[in-house]
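Worksheet for the structure shown next.
Computed from the coordinates by the stated procedures, all read-outs in this text should not be read as laboratory data. Since this is a predicted model, take the numbers as computed values, not measurements. Reconstructed Cβ throughout: ideal geometry from the backbone, glycine too, with neighbour counts over all protein chains shown.
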Amino acid sequence: MNREWSEKNKEIQALLSKGATFASGIEKLIEFRGELFGQVEQIAANYPAEAFWQMPFASADGLHSKTLDYSVWHIFRIEDIVAHEMIAGDRQVFFENGFCDAVRAPIITTGNELAGEAIADFSRQLDHRQLILYAREVMQSTNRILNRLAYPDLKRKFGDDVREKLRATGCVSDDERARWLIDYWCGKDVKGLILMPFSRHWIMHIEAMCRIKNRLCKLARKGADPVAYCGLSCNHCFLGEWCGGCRTAYNACSFATCSPDGVCPNAKCCREKGIDGCWDCESLETCDVGFYVPTNDGAAAAKAHSLYIQKHGKKAFLAVQDRLHERFDFEKTQEILGQDRLEGLRILEEN
Ligand code: SF4
Ligand code: SF4
């Protein structure tokens with residue numbers, strides 16, 4: 001498990017365990033859930049439609065053998081059911097706010113009963129955008145429930161009436177891979193539910209989502225030119241686990257994600273000019289488009305890359321990058337090349 005997330009979860013558990021620190025435990029839990037949800041939203045925003053039903057680890061044994069959209073569905077259907085049918089005793093967000101139709105899911109259950117190709121088929125049918133809106137509303141609704149809880153509520157248990165009610169909703173499949181859920185939830189008190197469906201369960205599935213998206217980015221990069229249009233090297237980029245490169249559909253560089261059309265301005269400009277990269281452009285020295293905007297602290301270094309490619313070619317450039325990364329421990333190229341493009345070019349040529 002991600003060590004940082006695991007530590008935060010432990011800290012929250014400890015705070016929730018004492019009346020004196022309960023309120024700050026709830027506050028930290030809500031903050032942590034916001035942080036984790038940020039990961040979901042970042043993944044959800046940046047990839048092409050097919051990314052959400054791909055199963056790059058289909059034959060693996062683990063949560064990463066699912067799809068990205070299945071993972072979101074599963075996390076938030078469980079939370080919605082538990083938060084509303086059990087803790088708050090009111091209607092699920094799924095039925096209350098029209099998501100039942102909008103998400104276009106062929107099931108209303110948690111999805112535990114699905115396996116293999118059925119997960120991919122299921123994911124293909126979902127309206128991805130609506131699914132993320134649904135997930136956000138579930139998170140916010142649960143946060144409101146959490147904020148209303150008092151320390152003595154943590155010990156509240158659930159009886160046969162709740163078991164029956166859960167069965168009657170039809171939100172848990174009767175399939176043997178799913179029906180254990182009702183006994184599992186009803187075996188916990190409110191505190192147990194907070195610690196599993198509302199936090200640890202998120203961590204486990206969001207970690208699996210990160211593995212899936214890392215793999216999809218890696219697969220996208222296979223065979224693609226690793227030199228970005230602006231002159232950066234995708235092979236050496238610290239965003240490599242998030243971005244498949246600007247020559248693929250998995251482009252999640254900061255300038256692409258900040259552009260309304262999701263396309264990096266340098267990539268767009270090069271494509272419009274029909275050139276391989278900014279190194280083939282007569283305006284390179286003076287250009288302030290996209291990554292070269294003067295307020296970007298990596299602009300001069302990226303330009304130094306393009307100037308180097310102009311003189312020595314892409315193969316030599318990638319070899320220099322290999323050598324620099326062998327010699328120095330750095331994330332961003334400007335840490336080595338600095339803020340002056342000609343000085344950056346000199347450093348590249350000396351290495
Ligand atoms: S952020 Fe830029 S350099 Fe990094 S992988 Fe994406 S396109 Fe390549
Ligand atoms: S104008 Fe700027 S962004 Fe466009 S190709 Fe030339 S150097 Fe690249």
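In segment 3-221, with Lys and Arg counted as +1 and Asp and Glu as -1 at Cβ, which of these residues, G34, S6, L166, has the Cα nearest the positive end of the dipole, that is, farthest along it?
Positive-most Cα among the choices belongs to S6.
Of the listed pairs K66/K268; K311/K332; K268/K311; K213/K315, which have alpha-carbon separations greater than 25 Å here?
K66/K268; K213/K315
Enter the Cα centre distance for the pair segment 272-338 and segment 90-149, rounded to the nearest angstrom.
Cα centres, segment 272-338 to segment 90-149: 44 Å.
Taking a ≥ b ≥ c as the square roots of the Cα gyration tensor eigenvalues, with a/c under 1.5 meaning rounded and otherwise prolate when a/b beats b/c, else oblate, which class fits segment 308-351? Could you put the intermediate results ahead of the total?
Numbers: a/c = 2.01, a/b = 1.13, b/c = 1.78.
Note, shape of segment 308-351 comes out oblate.
Starting with the fewest neighbours, write out I107, I87, I347 ranked by other beta-carbon atoms found within 10 Å of each beta-carbon. Provide the component values of the computation, followed by the final result.
Details: I107 15, I87 21, I347 18.
The fewest-first ordering by Cβ neighbours comes to I107, I347, I87.
Nearest 10 degrees is fine. How inclined is helix 68-80 to the longest principal axis of the chain, computing both from alpha carbons?
Computed tilt is about 30 degrees.
With a point put 7 Å past each Cα toward its Cβ, work out how far A20 is from E117 in nm, to one decimal.
6.1
Along the charge dipole of the chain, Cβ charges K/R +1 and D/E -1, which of C281, F122, I206 sits furthest on the positive end?
Positive-end residue among those listed: I206.
So which residue, out of S17, S71, S283, gets the largest mean-square fluctuation from a GNM of the chain using Cα contacts under 10 Å as springs?
S283
Placing +1 at every Lys and Arg Cβ and -1 at every Asp and Glu Cβ, with all other atoms neutral, what dipole size does the chain have around its Cα centre, in debye to the nearest 20? Mind showing how you got there, number by number?
Numbers: 45 positive and 50 negative charges, 90 e Å.
Charge dipole of the chain: 440 debye, to the nearest 20.
Given the -39500 (n - 2.57) contribution per DSSP H run of 4+ residues, what per-residue ellipticity at 222 nm results for the chain, rounded to the nearest 500 deg cm²/dmol?
Working: 17 runs with 190 residues, N = 351.
About -16500 deg cm²/dmol.
Measuring from label point to label point, each 7 Å out along Cα→Cβ, what is the Q339 to N235 span in nm?
The modelled label-to-label distance comes out at 3.1 nm.
With each pseudo-label sitting 7 Å past Cα toward Cβ, what's the I107-R3 distance in nm, one decimal?
Between I107 and R3, the simple spin-label model gives 3.7 nm.
Can you give the angle from 0 to 90° between the axis of helix 3-16 and the longest principal axis of the chain, with both taken from C-alpha atoms, to the nearest 10?
30
For V190, V40, what's the fewest-to-most ordering of other Cβ within 10 Å of each Cβ?
With the fewest neighbours first, V190, V40 line up as V190, V40.
Based on the Cβ-Cβ distance of E31 and F330, what FRET efficiency does E = 1/(1 + (r/R0)^6) give at R0 = 41 Å, to the nearest 0.05?
With R0 = 41 Å, the Cβ-Cβ based efficiency is 0.85.
To test your reading of the geometry: what angle, between 0 and 90 degrees and rounded to tens, separates the Cα axis of helix 314-327 from the longest principal axis of the chain?
The angle comes out near 60 degrees.
Put +1 on the Cβ of each Lys and Arg and -1 on the Cβ of each Asp and Glu in the chain; which of V190, L307, I75 then has its Cα farthest toward the positive end of the dipole?
With unit charges placed on the Cβ atoms, the residue in question is V190.
Arranged by the count of other C-beta atoms within 10 angstrom, fewest first, what order do H74, H236 take?
Taking fewest neighbouring Cβ atoms as first place, the list is H236, H74.
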